[in-house]
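Report on the following structure.
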Amino acid sequence: MINQNPVQEDIFVEKNKVNFTLLATKLLKNWYWFVISAAICLAISYLYLRYTVPIYKTTAKVLISSDKGQSSGEDAMAKALSSQFSTSSNVEGEAEIFKTRHLMEKVVRDLKSYITYYHKGQILSVDLYKDSPVKLTLLDSPERISPISLELAFSGNKLRLFNKTYDKVVDFYQPFVVPGLGRVQIERGSGEIDKNSSYLISVSTIKNTVSALMGKLEVSIPIKQVDMIYLNYTNPVAANSEDILNSLIKAYIDGNLLDKNKIADSTIAFIDNRLLYVGKELGSVEGSVQDFKQKNKLADLTAQSSLLISSSGEYLEQQAKVETQLNVLNSVENYLTTSGSNQRLVPSGILLDDPTFQTLVERYNTIVLEKEKRSIGQTEDNPYMQNLNNQIALAKNDMLTSLKGMRKSLLISKDQIQSRSNQLAGQVHKVPVVERGFLDLSRQQQIKQELYVFLLQKREETAISKTSNISNCKIIEPPTSYGPISPIRTNILGYGFVLGLFLPFAVIFIADRMNNKVNSKEQVTNHTQVSIIGEIGKSANILETIVVGQDSRTPISEQFRALRTNLTFFLKDNQKTILLTSSMSGEGKSFVSINLATVLAISGKKVVVMEMDLRKPNLSNKLMMKNDFGFTNYIVSTEVEPSAITKPSGTHENLFIINSGNIPPNPTEIILNDRTDLLMQELKERFDYIIIDAPPIGMVTDAQLLSKYADLTLYVVRQGYTFKDQLEIPQEIYITQRMKNIAILMNDVKHEGNYGYGYGYGYGLEVEQKGFLAKLFKK
């Protein structure tokens, strides 16, 4: 069969595509690896679940209520009962407070979380928390402790504490010194003692413990429209998580109440100070009135005096109110002025009947409290602290400015009232001087008395407000543990099972994609247009050279018979020369040559095999024949006749061999000798088939030089040995027709089940099926 200059086609389009049919076949073929891998991964997953400490999630929900100002229609007592002195808050700011190290440090100190107890196991140590049979008590301050880990074991009735650098035997409640911890003692815990077990006591610094606990805390505001904060804490011990969140919320509530009570305490202290001062003034005025009455022997006022007092009562009342406001204003201004650079809380603005000033006081106190909170973890040089100082100074200046405006207004009112009062006094010029003096004293007494009563009332209101202060934090859902959230048993086992299936799939897929060897007939057809003349399976006995016999019915002998049949489709009448070549050595050219020649000889044909690999002859060795006389001797010596180098094979009477002879230094020139043409002409006359065992065409040109004598070129491709890229060689030969009538013969093909040419065709001969263990441990 001679090719007719085919049009070049892009046969490499499918080259890099995945053949899912072949891939599925390989996967099914290696099904046992999936079972083994899945079993191993499931076992690893089980061990991971067995020795991994489960993590629990504890959640708490708190509602932050915003403090609202009171309407102008409320009286002083209602304002006090509605927590007049509480500070305003917002949910974002309060969430940040929950994240502060200051709060978490209080939790660590309260729960002594810097000390952890473990039950020591062979592989895993279990956190005992409150179930520890022992308790380590620090008798010195925990501020300067160093991280240390001690192992505790029971030695009779005594306790042995040791690590790499420390070892000591003590009794319960016996004080002793541990380097890095100071004086400590071991006390009896709530758990049961197992004297055959060992325990671990781990002590960390407060700073490191706070950092560790902060890393497990999550504060979030999932719903912006609702002032609710979610607190999440993850930990292997659910009870510990609940205690930590409970202590954290308690510390927040205590801190919030402390801030509110600071303002109330400051106001009460200010009022108490003013009460002492006003009480002395009131006592002095009352003494003057008493002395005046005794001196002037006054028991009752005249009708004219009564009328005068009645007429001027309204002005006296107005003047008393103005005087009261001025006195309070002076006291507050003096309080602000004398405070200097000290940033202390200012008494509530309710002492002055001015809503604007009251708002300024509340803003000033809020900023001062914010600075006190931040000063715990920040220095005065911090930009944020400097900003707060500037805000405090501005707020203080605003209050002083407001007081100046209020004084100016009150003085104007006082002058107006005084003017009207003077006009009235002029009308009562006939009132006795004594009665007028009494009126002056009474007016002073009334002013002082009203101021004293006012201060007493405000003090009681403030005290009631302090007792009615509540935190703006309300626990909606107490700390509750869920889980375990990690590891999730079903997920880990599922991941293990999936991984067990994925690993062999990935290995097979990657190996298939990275394998650059020819592994299937489909790969040959995808890489070249050259026809496949047949497939030769793997020989059962790799040491056996000739696998075809007269009565042989083995699968591989049937494949050679099928190859013999297929030759009739590629060779025309009187075409008898077959050349075998390949890409490189080791692909089985000599094996195929001698067995193809044998199967032809068995059919009654006279066959000669020419060992034409002059560089590396191999056929003589396979047949265990001497290779000291052959083709090279014929070419070199004109006296040697073709019959002299044609030897019986010794395997069949119709099969003859022409050895290569001695290896020449110039194989190419030997082949090009004219005597080669004479030899080929004589062989064609004497034999029915001539089989030329040529060297690899991918390495030398010898095969191409010999191809002019060949009617059919069999290009041997060995499965699992020949490189895919080497299939470009027969494709190029096919396109350029440098060798006529080329066909591919696949060698060493591995079949599952029946052996035979094509799709498992084997004349009904069953091959022994390998069991699971045989497949598993093959090679």
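Things worth noting here:
- Filter result for Leu503 (in a helix (DSSP H, G or I), under 29 Å from the mean Cα position of the chain (by Cα) and either farther than 17 Å from Gly720 by Cβ or not basic (Lys, Arg) (or both)): yes
- Of all the numbered requirements in (1) crowded, with 20+ Cβ neighbours inside 10 Å; (2) in contact with a strand residue (DSSP E or B) (Cβ under 7 Å, 6 or more places away or on another chain); (3) modelled with pLDDT under 90, Val203 misses one, and that requirement is (3).
- Of all residues in the range 509-550, those satisfying the criterion of being more than 29 Å from Lys622 (Cα to Cα) and outside any loop (DSSP other than H, G, I, E, B) are Phe509, Ile510, Ala511, Asp512, Arg513, Met514, Glu522, Gln523, Thr525, Asn526, His527.
Quick grid of which residues meet (1) over 55 Å from the mean Cα position of the chain (by Cα); (2) not hydroxyl-bearing (Ser, Thr, Tyr):
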| position | (1), (2) |
| --- | --- |
| Gln704 | yes, yes |
| Lys708 | yes, yes |
| Asp711 | yes, yes |
| Tyr715 | yes, no |
| Arg718 | no, yes |
| Thr722 | no, no |
| Gln731 | no, yes |
| Gln737 | yes, yes |
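- Restricting Ile663, Ile635 to residues that are assigned by TED's automatic domain parsing to the domain that holds Ile690, of a type in the set (Val, Ile, Thr) and not in a loop (DSSP other than H, G, I, E, B) narrows the list to Ile635.
- Of the residues in the range 221-230, at least one is of a type in the set (A, V, I, L, M, F, W, C), over 21 Å from Arg374 (Cα atoms), at pLDDT below 90 and not in a helix (DSSP H, G or I).
- Single residue of Ser593, Ser603 found to be free of Cβ contacts under 8 Å to residues at least 60 places away in the same chain, in the same structural domain as Arg553 (by TED's automatic domain parsing) and within 22 Å of Gln550 (Cα to Cα): Ser603
- Checked against (1) within 14 Å of Tyr715 (Cα to Cα); (2) assigned to a loop (DSSP other than H, G, I, E, B), Arg553 meets all criteria but (1).
- Options Ser402, Ser421: the member that is surrounded by 15 or more Cβ atoms within 10 Å (Cβ to Cβ), assigned to a helix (DSSP H, G or I), at pLDDT 80 or above and not hydrophobic (A, V, I, L, M, F, W, C): Ser402
- Just one residue in the set Ser312, Ser306, Ser341 is outside any helix (DSSP H, G or I), at pLDDT below 75 and hydroxyl-bearing (Ser, Thr, Tyr); that residue is Ser341.
- Residues in the range 150-189 that are exposed (fewer than 11 other Cβ atoms within 10 Å of the Cβ) and within 38 Å of the chain's Cα centre (by Cα): 2 in all.
- Boolean, Lys606 is modelled with pLDDT under 90 and not aliphatic (A, V, I, L, M): no
- Any hit, the range 49-62, residues being over 27 Å from Ser241 (Cα atoms), modelled with pLDDT of 55 or more and in contact with a helix residue (DSSP H, G or I) (Cβ under 9 Å, 6 or more places away or on another chain): no
The values are calculated or read from the model by the stated rules, or taken from the named source; none is laboratory data. Only a predicted model underlies this, so the values are computations on that prediction, with no experimental measurement involved. No Cβ is skipped: glycine too gets one built from the backbone with ideal geometry, and neighbour counts run over all protein chains shown.
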